């Protein structure tokens, strides 16, 4: 068991650094070529930070473990909202911007309900078909495109992902830096490939042979937490600096990309069957997504008390699904 756990941890580490290196290399090249930082933030950075979830889902689904793929996305969204936002609000109250409440959060709630309807009620009542994956993928393209157009209309052509120093350094970089950036992309891709493989293979062994639970449970808790570590780390740093927009944009944006981009691509490559996931998991994901709206509307702020409630809900959920698998409840 200990050896498999080490492989899982190694996989998580490779996924984390692989995504970081991939984003860094691709972002530097795009900025050097004169691509707008806003476009880079909406595309390269957004897709790059979703790369761990995407590689894990593709690997798991290709190897016949759709439950692990679904568990990763459902668990990641629960983690992003209840754990990431809850922990950040516990550090410091988060001031809510109007755009999060009027645009980003309604889009997330809509995407969540569409995903739920597709998974259990439309077309194939036992999962996601390829055409449904195509619809989800079209949704993320529409979201990215509309976000870009809105930002340009508002006169914003920068991104919170890059400082002015980062942008200038990328533009002034010579050929040596260009080759280094390409190296980061290649190394990042290799790290993501092996990290996802280790995580899926040994996570399934850990679940079935040692913990005697469904692989989906490990994905809902351990793998979902691991692939959400970048969002958690970013939110902690942003909370200490009082940058509420980055915290909320990071968490809500990641959830949107998980549902539309990651599950869309995964189902488009191979239909996703509905296995290992309990109705409780789906309703908790929907519940925490909808519940943060009234939290945000109270004085347009997430307070420490609300953050503590979200954290307790997350820990309680983890305890309940593990106890259910063990037959304790």
Give me the extension gain from residue 98 to residue 113: residue separation times 0.36 nm, minus the current Cα-Cα distance, reported in nm with one decimal.
3.2 nm
Full-extension gain between residue 283 and residue 178, please, as 0.36 nm times their residue separation minus the C-alpha to C-alpha distance.
33.1 nm
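By per-residue mean of other Cβ atoms within 10 Å, what is the highest-first order of 58-66, 273-281?
Numbers: 58-66: 20.7, 273-281: 17.3.
Ranked by mean Cβ neighbours within 10 Å, highest first: 58-66, 273-281.
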Paramagnetic reach from residue 270 in the stretch 54-94 [backbone N under 14 Å; point 7 Å along Cα→Cβ]
55-70
Under the 7 Å Cα-to-Cβ spin-label approximation, residue 301 and residue 209 lie apart by a distance in nanometres of 5.3 nm
Could you tell me the convex hull volume per residue, in Å³, taken over the Cα atoms of the stretch 188-304?
148 Å³
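Stretch residue 120-residue 312 to full length: gain in nm at 0.36 nm per residue minus the Cα-Cα span? Present the calculation step by step, with values, prior to reporting the outcome.
Values: separation 192, 0.36 × 192 = 69.12 nm, distance 2.81 nm.
Result: 66.3 nm gained on full extension.
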Alpha-carbon centroid distance for the pair the stretch 188-226 / the stretch 270-329, whole angstrom:
21 Å
Say R0 is 45 Å: what FRET efficiency, to the nearest 0.05, do residue 131 and residue 236 get from their beta-carbon distance?
0.70
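Looking at the square roots a ≥ b ≥ c of the eigenvalues of the Cα gyration tensor of the stretch 254-329, which shape do they give, rounded for a/c under 1.5, prolate if a/b is larger than b/c, or oblate?
Working: a/c = 3.19, a/b = 1.25, b/c = 2.54.
Oblate, since a/c reaches 1.5 and b/c is not below a/b.
Each value in this text was obtained by applying a stated rule to the coordinates, not by laboratory testing. All values derive from a computational prediction rather than experimental measurement. Reconstructed Cβ throughout: ideal geometry from the backbone, glycine too, with neighbour counts over all protein chains shown.
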